[in-house]
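Worksheet: the structure to be examined is printed underneath.
Only the coordinates and a few stated rules stand behind these numbers; no lab work does. What you are looking at is a predicted structure, and each value in this text was computed from that prediction instead of being measured. All Cβ positions, glycine included, derive from the backbone under ideal geometry; neighbour counts span all protein chains shown.
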């Protein structure tokens, strides 16, 4: 059977999933190999140095830099708090004293006898990495992080916004063709990951933020609404760090696009379950897709090492069209044509034939589709 490899989106009710949870710089790993963890458990942490604040001690005391040491109340490395006296002169007959007060909480970094200046450092900034998924720690990387494995229902989106979250799945749409407006978003969705249908309006997104929803899973979204939501064009940057009040995962594309039936039914099947989700997206080299992960019960022997399957184009396989026309439509491959064909740009490419869900038969460049693994 002829095959060609292609980027793909996975949508499945059961997969063995492996996640690396790595610190941005060396720190401390808080769990050990074999530990069972929950999504919100801390698995590693480190600390970024606080901001340095220079302080002209000698000038403020009115003394020469070389005399500074005799007036100091603290030494390098000492912890300090805001309002604490750092240095004080003896004054005249106990009167007319000069003193320097700490403007921050933190510690003394250094004191220079040559410049009369002290460097204060604000408190360290903690950087904590959570497990993100329920699972088992199958490996630890000393001072860096861990590898966690689990069994999950798993959905990859085509685009997303927002950071990692966990929350209960709640269906708002009754069918994958529903268009959700702000009137459909009620306070019952507080702390929930809500599932809508073909599209969600900007006003509904804003209402979801207002009621305290954690996330939105939608078939489509208007790109102009994204611009209004963010205040800028998204461009080609990596998404996933936007502070918009919740996380959004788009499963199909931009505009009013019905959520794929299988994706909608899978989410409906797991309504009421806790899911992990993030909106990180990178379309160019080193593709990153937003993910929805719903942990399943598993036996530890199921978590055996296994290789990732490479997405491939095969006759009978399910694909999504990722270019206009027919952008976002789902279909089945009916033929893989080996001969090169010339397209409108006069480029010669390999093509395939497919039948879309509405019965339309189309011929497409292979680069214009992605595999959906079901």
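For residue 327 and residue 82, what is the calculated FRET efficiency with R₀ set at 56 Å and r taken between the beta-carbons, to the nearest 0.05?
Rounded to the nearest 0.05, the efficiency is 0.50.
Given axes a ≥ b ≥ c from the Cα gyration tensor, I'd like to know whether the range 52-121 is rounded (a/c under 1.5), prolate (a/b larger than b/c) or oblate. Working shown, then result.
Working: a/c = 2.08, a/b = 1.40, b/c = 1.49.
In terms of gyration-tensor shape, oblate.
Using only the alpha carbons of the chain, what is the convex hull's orientation-averaged projected area in square nanometres?
Details: hull surface 107.0 nm².
It is 26.7 nm².
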State whether the range 105-184 is rounded, prolate or oblate according to the following rule on the C-alpha gyration tensor (a ≥ b ≥ c being the square roots of its eigenvalues): a/c under 1.5 gives rounded; otherwise a/b larger than b/c gives prolate, and the remaining case gives oblate.
oblate
Can you compute the FRET efficiency between residue 256 and residue 56 using 1/(1 + (r/R0)^6), with r the Cβ-Cβ distance and R0 = 45 Å? Round to the nearest 0.05.
0.10
Restricting to Cα pairs below 8 Å that are 6+ residues apart, what does the relative contact order work out to for the chain? Please round to a whole percent.
18
Got a sec? Which residues in the range 116-133 would a label at residue 42 touch, if it sits 7 Å along Cα→Cβ and we count backbone N under 18 Å?
123-133
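For the range 27-72, count the residues as N, evaluate 2.2 N^0.38 Å, and divide the Cα radius of gyration by that value, please.
Rg over 2.2 N^0.38 Å, computed on Cα atoms: 2.40.
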For the chain, what is the calculated [θ] at 222 nm in deg cm²/dmol (nearest 500), taking -39500 (n - 2.57) for each run of four or more DSSP H residues and dividing by its residue count?
-2500 deg cm²/dmol
Within the range 229-272, the residues whose backbone N lies under 18 Å from a label point placed 7 Å from the Cα of residue 210 along the Cα-to-Cβ direction are 229-230, 244-247
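Based on alpha-carbon atoms only, what is the radius of gyration of the range 312-373 relative to the globular estimate 2.2 N^0.38 Å?
1.02
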Please say if the range 158-289 is rounded, prolate or oblate, where rounded means a/c under 1.5 for a ≥ b ≥ c the square roots of the C-alpha gyration tensor eigenvalues, and otherwise the choice is prolate for a/b larger than b/c and oblate otherwise?
rounded
